[in-house]
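Input: a single structure, listed below in structure tokens.
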Amino acid sequence: MDKQSPLPRLIATAAAGLFLLLACPAWGAHAYAQWGEPKYPAGFAHFDYVNAQAPKGGEIRLISGLARSNFDKFNPFTMRGSAPANLLELMFESLLTASMDETATGYGLLAESVDVAPDHLSATFVIRKEARFHNGKPVLAEDVKHSYETLISPQASPIYASAFAQIDKAVVLDARTIRFEFKRPDRDLPLVVGGIPVFSRDWGVVDGVRKPFDEVVMDTPIGSGPYTIGPVVFGRDISYVRDPNYWAADLNVNVGSYNFDTVTVRLYQDNTARLEALKAGQFDAMQFLSAGDWARRTQGRKFDSGELAKEEFHHLNPAGFQSYFLNTRRPLLQDARVRQALNLALDYEWLNKRLFFGSYKRVHGIFGNTQCQAQGAPQGQELALLEPFRKQLPAAVFEPIKLPPRTDLTEAGIRDNLRQAQQLLAEAGWKLDSKGVLRNAQNQPLVLELLDSNASSIRAVAPWMRNLEKLGITLEFRAVDYALYLQRTQQFDFDIATLNLGGLSHSPGQEYLDLFGTKSAATEGSYNFSGINQPAIDAVIQSMGEAQTHDAFLAACRALERIVLAEDVMVPQWYSDTFRVVYNAKQLAYQAPMPPYVTRFDVWAMTTWWHR
């Protein structure tokens, strides 16, 4: 799992964001808007944020944003192995595509039209006649159905089956028309099915025989996107070359986009190597995730000359919920009081001041920076949703929303929090032995392991470890190779893991079943890393999908946030509302300002920037 981008693009497209300004749904044949009207009318020329006259040509060289340092497959949809960065975005397309300057809307890409039934129990798409795969064959309804049925099969990653759980079936009406039927009304589902990545039925067929999908590994993908695989140096880089016969080059949703002849993505083993390669001119743009590197190491001759430009791009994306995830499947972490004590021992305010140069904001919940964020105590529709589960839920669900503990409100600082943690641990049956080690009734010491794929993370973890040691808790930091990290997190073989479940959407939907649903808690390969297993969560997520009004939707997603926070399964970390970027200003240009709902810098740069 990529720590920066845990869910596939289909979910980001399916729920690209929502301000929920109107209660009534609306849609047009050229687009579908979950709430309100699409920003762009039928026949629009191009998206406002692109340069329609951007020149074509040249190359952009990017650094892989993934946590891995290698790739061993070209199939991004299966569990085992690692696919190269950006393959999904550049080679595969969907029926609908999102714009970067509005939320919860999809415009026709492979589909020339979308028709959502008045009862919201189906969505019908008509595929464009000109749509073609890289092998020259037309994109047909059977290909869409094949892609959907393959992705929900056991041979694909289980995240797809979870995301598509409310789809009943796909029905081919004619060669270019397909109808998706839903198990229940849900305004989000037309965007979900509109975001399904589509691939040719010929992919994985050898000498007329179809291989099992999980054995389609190095077979060149047959998608319909603007790029195909070019030169590959395994262990170092991969290049994508623009398809000269790309069928949708002049489509309005693509005007001003995909301007580079070549997109090269390079891999480096560590942050230091990346930074030095950037300064040496080995690639053209890099997003900085380290506040220390950004503040202290972005200087030198090329910065002074203006060749390398340093810029912060502000976005309006959800805050996300990057956190230390506590695996409640582990016996030592099943008592909520222990989990609360771990949270109390993290001194975020000290970290942000001393290590992060004050550049971050604290994660407060799972829907930060959106209208779905819960406030105060539950009332009205929100309380009505929670009330039937009162006996099953922690009391905190019905109290004012739980915020992360702070250390900057009194002179005592972290000491007050540690005293609270000591009391909670004592109530949970943990006692200090003569050597200052916490032990339970079975004489087990409270020793936990924090799993990470980045050895440099120890810098931020070490102060937490020291605070826990004062409580008699041993936190062992273990940095492992990304392949092992991926394997262990997919198998839930960890105590604590650092995970960045970035801002998924302004319009949350069924994808949250994979993050917090009861079924995903027992499904290896799902994103329910904490093992949270609360039936009330399934119910409120269902209510999110069934909501018929603005207020009902907000009540349901706020109820979800309350439950997740009250279960204390995450120790919240931090986030930034900017992309910190260094780029080659002599080689690259872009249309300012950046559109507000860019979810990933690399995708914005690949799709809309151009070579000077």
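The values are calculated or read from the model by the stated rules, or taken from the named source; none is laboratory data. The shown structure was predicted, so the numbers you read here are calculated from the model rather than taken from an experiment. Cβ sites come from the backbone with ideal geometry, for glycine too, and all protein chains shown count toward neighbours. Note: areas computed on protein heavy atoms with side chains; ligands, DNA, RNA excluded. Shrake-Rupley method; radii C 1.70, N 1.55, O 1.52, S 1.80 Å.
So here's what we get for this one:
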item	result
Selection within region 350-379 - touching an Asp or Glu at 6+ places or on another chain (Cβ under 8 Å), surrounded by fewer than 18 Cβ atoms within 10 Å (Cβ to Cβ) and in contact (Cβ under 8 Å) with a residue 40 or more places away in the chain	LYS361
When residues of region 577-597 are limited to those that are of a type in the set (S, T, N, Q) and open to solvent by 30 Å² or more (accessible area, probe 1.4 Å), the one nearest to ARG337 (Cα to Cα)	GLN591
Filter pass, ALA479 being more than 24 Å from ALA156 (Cβ to Cβ), open to solvent by less than 30 Å² (accessible area, probe 1.4 Å) and small (Gly, Ala, Ser)	no
Selected residue [of a type in the set (Asp, Glu), under 17 Å from LYS402 (Cα atoms) and open to solvent by 10 Å² or more (accessible area, probe 1.4 Å)] from GLU567, GLU546, GLU561	GLU567
Index of the failed condition, GLY106 passing every other in (1) in contact (Cβ under 8 Å) with a residue 60 or more places away in the chain; (2) assigned to a loop (DSSP other than H, G, I, E, B)	(2)
Enumeration of residues in region 482-509 that are open to solvent by less than 10 Å² (accessible area, probe 1.4 Å) and closer than 16 Å to ILE532 by Cα	THR489, PHE494, ILE496, ALA497, LEU499, LEU501
Single residue of region 49-73 satisfying the filter (in contact with an Asp or Glu (Cβ under 7 Å, 6 or more places away or on another chain) and crowded, with 20+ Cβ neighbours inside 10 Å) that is modelled with the lowest pLDDT	LEU66
Test for VAL193: is it open to solvent by less than 10 Å² (accessible area, probe 1.4 Å), hydrophobic (A, V, I, L, M, F, W, C) and either more than 23 Å from GLY81 (Cα to Cα) or touching a residue at least 40 places away in the same chain (Cβ under 8 Å) (or both)	yes
Qualifying residue in region 520-530 (condition: part of a helix (DSSP H, G or I), surrounded by fewer than 17 Cβ atoms within 10 Å (Cβ to Cβ) and of a type in the set (Asp, Glu))	no
Selection from region 26-48 of residues that are open to solvent by 60 Å² or more (accessible area, probe 1.4 Å), at pLDDT 95 or above and of a type in the set (A, V, I, L, M, F, W, C)	ALA42, ALA45
Residue match in region 308-320 (condition: under 22 Å from LEU468 (Cβ atoms), open to solvent by less than 40 Å² (accessible area, probe 1.4 Å) and modelled with pLDDT under 95)	no
Complete set of residues in region 171-184 that are surrounded by fewer than 17 Cβ atoms within 10 Å (Cβ to Cβ) and either in a loop (DSSP other than H, G, I, E, B) or in contact with a helix residue (DSSP H, G or I) (Cβ under 6 Å, 6 or more places away or on another chain) (or both)	VAL172, ALA175, LYS183, ARG184
Helices (runs of 4 or more DSSP H) wholly inside region 255-348 that include at least 1 residues being under 22 Å from the mean Cα position of the chain (by Cα) and touching a residue at least 60 places away in the same chain (Cβ under 8 Å)	271-279, 291-296
Residues (part of a helix (DSSP H, G or I) and surrounded by 19 or more Cβ atoms within 10 Å (Cβ to Cβ)) located in region 110-144	ALA141, ASP143, VAL144
Unique residue being under 19 Å from the mean Cα position of the chain (by Cα) and part of a helix (DSSP H, G or I) when the list is ILE537, ILE541, ILE563	ILE541
Test for LEU326: is it closer than 22 Å to ASN467 by Cβ and open to solvent by less than 80 Å² (accessible area, probe 1.4 Å)	yes
Some residue of region 397-405 being under 16 Å from LEU560 (Cβ atoms) and in a loop (DSSP other than H, G, I, E, B)	yes
Filter result for the condition that a residue is open to solvent by less than 20 Å² (accessible area, probe 1.4 Å) and under 19 Å from the mean Cα position of the chain (by Cα), over PHE553, PHE516	PHE516
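Quick grid of which residues meet (1) under 25 Å from THR608 (Cβ atoms); (2) assigned to a loop (DSSP other than H, G, I, E, B):
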| site | (1), (2) |
| --- | --- |
| VAL193 | no, no |
| ARG201 | no, yes |
| PRO221 | yes, yes |
| GLY225 | yes, yes |
| ILE238 | yes, no |
| TYR246 | yes, yes |
| ASN252 | yes, yes |
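Residue by residue, here is whether (1) surrounded by fewer than 19 Cβ atoms within 10 Å (Cβ to Cβ); (2) touching a residue at least 40 places away in the same chain (Cβ under 8 Å); (3) over 30 Å from MET544 (Cα atoms) holds:
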residue: LEU386; (1), (2), (3): no, yes, no
residue: PRO400; (1), (2), (3): yes, no, no
residue: LEU403; (1), (2), (3): yes, no, no
residue: ASP416; (1), (2), (3): yes, no, yes
residue: GLN420; (1), (2), (3): yes, yes, yes
residue: LEU425; (1), (2), (3): no, yes, yes
residue: LYS431; (1), (2), (3): yes, no, yes
residue: LEU438; (1), (2), (3): no, no, yes
residue: LEU451; (1), (2), (3): no, yes, yes
